[in-house]
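A short write-up of the structure that comes next.
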Ligand code: 9MR
C-alpha cells in the first residue's frame, strides 16, 4: 500500500470511529439470532463495532425498558479492521418480543419456547421437495407443487460400469430418491452419508421424532416422518446395488449438469457409473443402521428391515474384496465415453468408511468379524462428520446413550468418548471471548465449500454428543452458539436458511427453485455459506473468508443447497429443540 492510500485509510477509520461513537449504527451491524432464543438459552448479540459502551432492552409492545447492560469487546478477529462488541442479555428469560437498542439503533428479537421447532420441521420437509420421480402435490407443497420429474426407469449402465451381467448400455430402473443439491443427480456417497447423519440424531431422540409431523404423504402412517422420508431415498439406494455381486454404483447422473430448467424439461440420458468402495461402504452403513431403526415399523414397511441388512452385508463383502475401487472421475474420463463431469464425491481414504460400516453392521448383527474390523479401523482422533469423513458417524453409533454393550465394547466406546471429549474441549476453548462468541467462525480454516453445515452445524452436533456423554453443559451451550452463528450472528448478517430470518438467501443455486417462477426460494434449505475458494468466480463483495458469500444464483460455491447440508440442519435444529429444556 502506498503512503497516499495509508493516509486515506487512516482518515476513513477515524471518520468511521467518530460517526459510530456519536451517530447511529446501521441496524445491519447488530447481529442476533434472527429466529430468537429459548428462555433458558444464553442470549448474546454481536455488534460490528468496537465502540459500543452500553445497550438497553425494551419490551417491544409496551416500549418499557427491561434491561440495561454494558458491551464487552471481543478478541480482535484474524482479519484486519474487524473489532466487535458482545452484548449479553441472558438475564431475559421471559418469553416475549423485545427491542435491543444500541447507540440509537434498535433491532427486534424474540424469546420463546420451541423456537427452533419450525426450523427443524422445515429442514426435514426440504427433503420432500427434493424427491424425484413423484409429483410434489399442492396439499403438501403449497405453491411449490410440481409434476413428477426424472422417473429414472430407463437408466443406462455407463461403459465405465460395465460387467459381464450388465454390459455397457444395459437399461436398468432406478427410480425415487432425492436430488442431491442444486443439481438433479443422485449420488450414493452423499445420500448414504446424509441418511446416516439424520438417522443418528433420530436414534438419539426417537420420542421427539415420534411427535413430529411435517405434512408429507406418509404423515398419516404410524412411522415417524423422519424415517418415512429416509425410506424414500433408501428405496432408491437399494436399486443402485448390482444384484450380481453386491457392489454399489457411485452415482446416477447425466454426463454433464443440466441447465436451470424444470425437471420435466430434462431430456439427457442418465447413467449409473462405476461401482466404488466409498459408495458401497456408505451404503452398507446406512442400510445396516436403517435395518435397526425400521425394525419396529414392519407394518408400514414390510420386509424392509431384513432386506436392508441383507443388502448391507452383501455390500460389505464386495467392499472387502475391492478395497481400492475408488471413483476417480478424471482417470475414468480418459478411458470411457461419454465423459462425466458432474459432482465427483471423490475420496481415496476408505478407513473411515470401513469403520462406520463395520460399526453399524456389528451393532445390528452382533457378528464378531464386524467388531474386529471396526476396532482395527477406529479413528485416531475425533473428526466432525462430513461426506468425505464419516468416522464420526461410527463414533456416534458407539456412543448412543442407552446402547447395551458388553464389557469389552464398553471399554472400546470409552476410548472413542475420550477422543470426542478431547476434540470438544479444544473446540470450545476461547469461544467466550471470540469475535462471534462461538466455537465456530473465528478462523480462516472454518470457511470452505459447504462450511455452514459441515463446519458450523456438524461441530454443534458433535458438541451435543459430547454433552450427552459427559453432562458438561458448556458443550451444549456452545452447540447453541453455533446455531446462533448459522442463524444470523455472523460476519455477513445472513440467516443462512431459505425462508427463515429477516435477512436470508433469496437466490440459492437451486435448479428446482430457479425454474419454478415463484419469487421466494423453496423454504427450509441451508446454503453452503462463505467460501474463500470462490470457485464460481462471481463477484463477491468481500474477500474475507467469513464474508466470501454471494446471494446470487450462479454462486454454486457459496449459495448452493445440498442434502448433506440439510441433514446437518435437521440434526442440529432437532437436537437443540429436543434439548431446549435442559
Ligand atoms: O459438498 C461438495 C464439496 O465438499 C466439494 O468441495 C464440491 C466440489 O467438488 O462439491 C460439493 O458437492 C457438490 C456435488 O459435487 C454435486 N452436487 C452439488 C454439491 C454441492 O455443491
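Only counting other Cβ atoms within 10 Å, I'd like 204, 421 sorted with the fewest neighbours first. Spell out each step's value before the answer.
Numbers: 204 23, 421 17.
Ascending Cβ contact count within 10 Å gives the list 421, 204.
At q = 0.15, 0.16, 0.21, 0.22 Å⁻¹, what base-10 log of I(q)/I(0) does the Debye formula yield for region 232-368 when every alpha carbon is treated as an equal point scatterer in vacuo?
The Debye formula, applied to the Cα set alone, gives -0.78, -0.86, -1.19, -1.25.
Restricting to bridges with both residues inside the chain, how much of the DSSP beta-bridge set is antiparallel, in percent to the nearest 5?
Values: 39 of 43 bridges.
Of all bridge pairs located within the chain, approximately 90 percent are antiparallel.
I need the per residue convex hull volume for region 306-433, using only the alpha carbons, in cubic angstrom as a whole number. Mind dumping the intermediate values first?
Numbers: hull volume 20.5 nm³, N = 128.
Spread over its residues, the Cα hull of region 306-433 gives 160 Å³ apiece.
Which three extents, in angstrom, do the Cα atoms of region 345-410 have along their principal axes, listed largest first?
Result for region 345-410: principal-axis Cα extents of 36, 23, 19 Å.
What is the spread of the Cα atoms of region 117-429 along each of their three principal axes, largest first, in whole Å?
Its Cα atoms span 56, 47, 43 Å along the three principal axes.
Take 510, 150 and order them by how many other Cβ atoms sit within 10 Å, fewest up front.
150, 510
Using just the helices of the chain, give the 222 nm mean residue ellipticity in deg cm²/dmol: DSSP H runs with n ≥ 4 each add -39,500 (n - 2.57), and the total is spread over all residues, rounded to 500. Present the calculation step by step, with values, prior to reporting the outcome.
On the way: 17 runs with 219 residues, N = 582.
Value at 222 nm, helices only, nearest 500: -12000 deg cm²/dmol.
Restricting to Cα pairs below 8 Å that are 6+ residues apart, what does the relative contact order work out to for region 117-429? Please round to a whole percent. It would help to have the intermediate numbers written out before the result.
On the way: 534 pairs, mean separation 49.5, N = 313.
Relative contact order of region 117-429: 16 percent.
On alpha carbon coordinates alone, what is the Rg over Rh value for region 185-260, Rh being the Kirkwood radius?
Values: Rg = 15.1 Å, Rh = 14.3 Å.
So for region 185-260, dividing Rg by the Kirkwood Rh gives 1.06.
List 422, 364 from most exposed to least, where exposure is judged by having the fewest other Cβ atoms within 10 Å.
Details: 422 13, 364 23.
Least to most surrounded, the residues fall as 422, 364.
Taking Cα atoms of region 496-545, Rg/Rh with Kirkwood Rh, to two decimals? All intermediate terms of the calculation are to be shown ahead of the outcome.
Details: Rg = 12.0 Å, Rh = 12.2 Å.
Over the Cα atoms of region 496-545, Rg/Rh equals 0.99.
Give, in whole angstrom and from largest to smallest, the semi-axes √(5λ) of the equivalent ellipsoid of region 388-428, with λ running over the eigenvalues of the Cα gyration tensor. Could you put the intermediate results ahead of the total?
Working: eigenvalues 74, 32, 15 Å².
Here the semi-axes work out to 19, 13, 9 Å.
Convex hull over the Cα atoms of region 442-578, averaged projected area in nm²?
Details: hull surface 32.3 nm².
Result: a mean projected hull area of 8.1 nm².
Counting alpha carbon pairs within less than 8 Å and at least 6 residues apart, what relative contact order, in whole percent, applies to region 53-124?
Working: 108 pairs, mean separation 20.1, N = 72.
Relative CO of region 53-124 lands at 28 percent.
Per residue, how big is the convex hull around the C-alpha atoms of the chain? Give it to me in cubic angstrom, could you?
Working: hull volume 91.0 nm³, N = 582.
In the chain, the Cα hull volume divided by residue count equals 156 Å³.
Starting from the alpha-carbon convex hull of region 67-166, give the projected area averaged over all orientations, in nm².
Working: hull surface 59.2 nm².
Averaged projected hull area, Cα only: 14.8 nm².
In percent, how large is the relative contact order of region 157-225, given Cα pairs closer than 8 Å and 6 or more residues apart?
Working: 40 pairs, mean separation 10.2, N = 69.
Relative CO of region 157-225 lands at 15 percent.
Cα-based Rg (one decimal) and Dmax (whole number) for region 90-133, in Å?
16.7, 54
Throughout, read-outs are computed from the coordinates displayed, never taken from laboratory work. Because the structure is a prediction, the values reported are computed rather than measured. Because the Cβ atoms are built from the backbone with ideal geometry, glycine has one as well, and the counts that use them run over all protein chains shown.
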